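See structure below.
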Amino acid sequence: MEDCIFCKIVRGEIPASKIHEDEDTLAFLDIHPVAPVHFLLIPKQHIESLSETDSTHQQLLGKMMWLAPRLAAAQGCQDGFRAIINNGRIGGQEVPHLHIHIIGGKNRLPAMIRYD
Ligand code: 5GP
Ligand code: ZN
C-alpha cells in the first residue's frame, strides 16, 4: 500500500526503531509510548485490520501471537505484559495496517477500560 505509514516502515522509507524482523513480521517501538515498554508487532503484508483477515492468514496470526510474549520478554517484560489490537472505528484504530500493541513495564498496568 503506497500511502500506508506502516508499509512505509516495512519498505524502509520511514525510520523506525526496529526490535525484530523476519520474512513475515516486523516489530518496532511505538513513536508515542504509553508505558516504559510499548512496541508494535505488524505483518509485513498490508492487512487493514483484524476484521480483514481470512482463513489464509491463520498461520501468520498464530505466528504473531507466538512471537508476542517472546519479543515482550526480550524487551524486559519478565512478569507479564498487555497485548492490544484496536480494530476499526469503534476500536479506535488509527493506523489502518494490522498491529498488535505490546505494552508493559515494571509496574502493573492500569485497569483495562472504563466505559463512560
Ligand atoms: P492504533 O490507534 O491504530 O491502534 O495505534 C497506532 C499506533 O501507531 C499509535 O500508538 C501511534 O503512536 C503509532 N504510530 C503512528 N505513527 C507512527 C510512526 O510513524 N512510527 C511509529 N513508530 N509509531 C507510529
Ligand atoms: Zn500497510
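For region 41-62, which residues satisfy the criterion of being free of Cβ contacts under 8 Å to residues at least 40 places away in the same chain and under 24 Å from Ile31 (Cα atoms)? So that I can check it myself, show each step before the final result.
Going residue by residue through region 41-62, those that are free of Cβ contacts under 8 Å to residues at least 40 places away in the same chain are 44-45, 51, 54-62.
Passing the criteria: Lys44, Gln45, Leu61.
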Response to the item:
Counting only helices (runs of 4 or more DSSP H) wholly inside region 1-105, the ones holding at least 1 residues that are in contact with a strand residue (DSSP E or B) (Cβ under 7 Å, 6 or more places away or on another chain) are 5-11, 58-74
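Conditions tested, residue by residue: (1) surrounded by 15 or more Cβ atoms within 10 Å (Cβ to Cβ); (2) touching a His at 6+ places or on another chain (Cβ under 7 Å); (3) within 21 Å of Glu21 (Cβ to Cβ).
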| site | (1), (2), (3) |
| --- | --- |
| Leu50 | yes, no, no |
| Gln75 | yes, no, yes |
| Phe81 | yes, no, yes |
| His99 | yes, no, yes |
| Gly105 | yes, no, no |
| Tyr115 | no, no, no |
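Kindly indicate whether any position in region 12-30 is in contact (Cβ under 8 Å) with a residue 40 or more places away in the chain, within 8 Å of ligand 1 (Cβ to nearest atom) and of a type in the set (Asp, Glu).
Residues of region 12-30 in contact (Cβ under 8 Å) with a residue 40 or more places away in the chain: 19-20, 25, 27, 30.
Pick out the ones that are also within 8 Å of ligand 1 (Cβ to nearest atom) and you get 30.
With of a type in the set (Asp, Glu) added as a condition, the list becomes 30.
The answer is yes, given that some residue of region 12-30 is in contact (Cβ under 8 Å) with a residue 40 or more places away in the chain, within 8 Å of ligand 1 (Cβ to nearest atom) and of a type in the set (Asp, Glu).
Residue-wise test of (1) within 14 Å of ligand 2 (Cβ to nearest atom); (2) in contact with a Ser or Thr (Cβ under 7 Å, 6 or more places away or on another chain); (3) hydroxyl-bearing (Ser, Thr, Tyr).
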residue	(1), (2), (3)
Ile14	yes, no, no
His20	no, no, no
Thr25	yes, no, yes
Asp30	no, no, no
Response to the item:
Subset of region 1-33, residues of a type in the set (Lys, Arg) and loosely packed, with under 15 Cβ neighbours inside 10 Å, comes to Arg11, Lys18
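Bear in mind these aren't lab numbers, they're just calculated from the coordinates by the rules spelled out. All values derive from a computational prediction rather than experimental measurement. FYI the Cβ positions are ideal-geometry reconstructions off the backbone, even for glycines, and counts take in every protein chain you see.
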